[in-house]
Structures are given as C-alpha cells and as structure tokens.
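The values are calculated or read from the model by the stated rules, or taken from the named source; none is laboratory data. Computed from a prediction, not measured in an experiment: that's the story for all the values here. Every residue, glycine as well, gets a Cβ built from its backbone with ideal geometry; the counts of neighbours run over all protein chains shown. With ligands, DNA and RNA removed, areas are computed over all heavy atoms of the protein, side chains included. Shrake-Rupley method; radii C 1.70, N 1.55, O 1.52, S 1.80 Å.
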Amino acid sequence: MAISAPSGKISSANLDSNQKYGTALSSLMVLFFMMGFITCFNDILIPYLKVIFKLNYTQVNLINFCFFSAYFVMSIPGGRLVQKYGYKAIMITGFVIAAIGCVLFYPAAELRVYGLFLAALFILATGITLLQVAGNPYVAVLGSPSTASARLTLTQALNSFGTFAAPHVGSYLILSKLPEMPTGLDKLESYADLSPNLNAILNDILAKTELVYLQGTYLSIAAVMLLIGGTLFFMKLPAIGHGDSEINTEGMVEKSSVWQYRHLILGMVGIFTYVGAEVAIGSHIVNYLGMKDIMAMSAKEAGTYVSYYWGGAMVGRFLGTFILSKFKPGKVLGVFAIGAISLILISIASHGIIAMWTLILVGLFNSLMFPTIFTLAIKGLGKHTDQASGLLCTAIVGGAILPLLFGKVADISGGNLKLALIIPIVCYLYISFFGFKGHKPVEN
C-alpha cells in the first residue's frame, strides 16, 4: 500500500555496471507480495473476531488501530535504523519481528484474549513497517535510475496481488470455520439488543468454537516470513550507500525547515485521509455484504468479494502508468476522488447487487491515490525530501484512526454501515481538494 521515496544510491565502490540484480530483485518481489497479503488479512480477521468475541464495530476496529499505529510509531525510527545498520539488516529484522507477531496469535487464540490479538498485531505491523521503510527505497536504487519507476510499479503491483489473494485464502481457511448460527443469529448485525435467551445460545456456540484454524494460518505465515528472512540472510545483496539524495527544488526557493512547505503539510493530511478511507471500506465489506438490504451473504461468501476491492487497485496501478503519462497528476487525483465519492453515494442510495459493486469499485479509484499524493507532496523539496518521506509515512496512521471513527458512527446508528460511509466521503472530498488545488506549492 505504501511507497517510500528513494533515499539512497548505489555505491560505485561496491558495484560495477555489469553487476546483475535479478536475484535480489526477485527476492524482494516476494517481500512485497507478503506485505500486501498480511495487511489485507486484517479484512478477514475483523469479521471473524467480531463474531468470536461479540464485538461492536468500534471495538473490532481496534484491529486497524493497533496495526496502523505501528506506522506512526516506527516509520521515522525505522528510517534511522536503516541509515545505521543498512537495508538488508533491517529487512531481515522486519521479517523476524513480523514472524514473532504471527506466532503470538497462537497463545492469543488459546487463551481467547482479544487484547493479546491486538498486541500480536502491533508487533506484526512493526515488522511490516520496517520492511516498508527498507524495501521501497532499496528497490528504487537497485539498478538503473532510468528504470526505477518500472521497478517500483512492479513491486506495488505485486503488493496489490497480495491484497487480492489474501481474502480468497482467508475466506477458505478462516471465515469458512465460523460456527453456523441458528435462526435469529445467522444475520446478526449488532449484539446490543440480544435477548438473554439468544445471548446464552450464542455464548454456548462460541465457547465450543475451535480457533485452531486461525492458529494454523498465522503459524504458517510466520514460517514463510522466517523462510524469506533466512534466504535473504544468506543472499549477497548489492550494497547501497546513504549519500544525500540529488537535490532538486523544481525552481522553488529552498526553505530552512520542511514544515514551511504548505503542500507537504496538506499532502500529509491527504495520505492520512486516503489510507483511512481505503482501510475503513475494505475492513467492512464482509459485514456490508452481509446486511439484509445489500446481499445477505455469509461471511465466507462475502470474504471472497473483498479481493475484488483490492484487485481493482491492482488493475488501476497498471492502467495508471498510461493515465499519468497523458494527464496532469493533480487533475487525475481530483477526478479519481470524485469518482470514489460518486460510487459511494450510489451504493448508499441503492440496494442489492448495485450497492455491492459500486462500493467494491471504489478500490479501482483508490489505485493511484497514494503514489500520486506522495509524489505531489514531496515535489520541489530538495534536501528535505528524505525527511518529508518519513513524515508522509507516519501519516499512514490514518488507517488506525479513521476506521475507528467509522466503527463508532456505525455503532451509534445501530450498526448502520451506510451511514458510516459518510467518513470515507469526507476523506475523498479532501483528496479532491488536494488534487485540484492543495498540491500546488506556495511561496511564502
């Protein structure tokens, strides 16, 4: 989901022009796939744990809060660790920490303590953050500068492929194992008004539900993470120096502080709102499609449709290379934001299959938002570019805060997810402003 600006360069002392990067780049492709896969797995975990722990929407969105808070906490420290210890060391560390987070799902499921799941998710996300901070700039400079954009596009496409695959795997391995609910509980949207009798029935069903499938799934992910990290440890990766990035101020007057760039500050808000809107929608598609006036789907069936939401982002990124070469990025961003708003409004106003597909298609319009906001926000910052990149990565914390607000609105309205969609609409309104006007640098 995230892409960092390049902050290093190939050291000529260590590399020659004939050195091949194919093996290293291939291993990093797996890295980006796994990052997307694990991040999107939260969209399966949310409806699953909502049932298992009888959570409301606010409580279950603590999953997103704990996961994306790691970006806020670790992005800048992670960048400093990369500078001190190098890209390879931090990528390996990221894999190990992520694996530890996955392993902790076993005792969390064994003890059935929701707080332990949240702690495990934060540790897992800390590892993913380190992988993001180290992996993106490494790919950007791993080869000829003229093909950097192509490499970054490829890695982001594979990241999106991971988000596309995760819902299919998660629906089969996890959501399909949810207990069958008797009449009166099978289409439950809120636990607030459960009668004592139904509450007792539900408690009995959940007490007998085994969580071994959840444990096995995350232990398998941990094994894969350790395998990739171990392979990376024994690989001889090209060395990358940490010299200053090439200064380019786009003709602007260089300022003394990164905080003096208005378009950067507005871009940070743009990243915050984009990630928050994207995660809020993706995390609730399963429950949205389960609503009686939408599709009344089972969790397993609805889970497979989450992949189409993230798959739209994958398709859009491939198309984006052509679109952005023909039109100004700011205008494209503004139009895509308006397109997302239009689809959400149609979904709110309709029912059944139209409401389903219009919300899923928002993923297509999300596709170009992160890289476009990111590049517009750092335009012309020169020597401040690396610091700005770290600040923009911390803004990914929007994925922690806005879904929590989304859940709160849904709970206040009695589980009405349509009303909660007002949160993403406000986010996309801001993004359209940034695209049409806010991204333009202003001289003080």
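Under the 0.36 nm per residue contour assumption, what length would be gained going from the current alpha-carbon distance of residue 223 and residue 322 to full extension?
Values: separation 99, 0.36 × 99 = 35.64 nm, distance 3.84 nm.
Separation in residues times 0.36 nm, less the Cα-Cα distance, equals 31.8 nm.
Could you order the peptides 355-363, 108-116 from most to least packed, using the average number of other C-beta atoms within 10 Å per residue? Could the numbers behind the result be given before it?
On the way: 355-363: 22.2, 108-116: 15.2.
Taking the mean over residues of other Cβ atoms within 10 Å, the ranking is 355-363, 108-116.
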Along Cα→Cβ, 7 Å out, is where each label goes; now give me the distance between the ones at residue 354 and residue 233 in nm to one decimal.
5.8
Relative to the present Cα-Cα distance, how much length would full extension add between residue 301 and residue 210 at 0.36 nm per residue of separation?
30.7 nm
Distance between modelled label sites at residue 89 and residue 265, nm, 7 Å Cα→Cβ extension:
3.7
Report the semi-axes of the equivalent ellipsoid for region 41-127 in whole Å, largest first, where each axis is √(5λ) for an eigenvalue λ of the Cα gyration tensor.
28, 14, 9
Counting only protein heavy atoms and a 1.4 Å probe, tell me what percentage of region 65-136's accessible area is made up of carbon and sulfur.
73
For residue 315, put the label point 7 Å out on the Cα→Cβ axis and report which residues of region 254-286 keep their amide N under 14 Å from it.
none
Using a 7 Å offset from the Cα along the Cα-to-Cβ direction at both residue 73 and residue 54, what is the distance between the two label points in nm, to one decimal?
3.0
Among the listed pairs 408/437; 54/177; 177/292; 328/437, those beyond 24 Å (Cα-Cα)
408/437
How would region 251-347 be classified by its alpha-carbon gyration tensor: rounded, prolate or oblate, with rounded meaning a/c under 1.5 and the a/b versus b/c comparison settling the rest?
prolate
How do 84-91, 100-107 rank on mean C-beta neighbours within 10 Å, highest first?
100-107, 84-91
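Applying a 10 Å radius around every beta-carbon, put 430-440, 43-53 in order of their mean neighbour count, most first.
On the way: 430-440: 20.2, 43-53: 22.7.
Averaged packing, sorted descending, gives the order 43-53, 430-440.
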Return one whole number: the accessible area per residue of region 270-347 in Å², for a 1.4 Å probe.
37
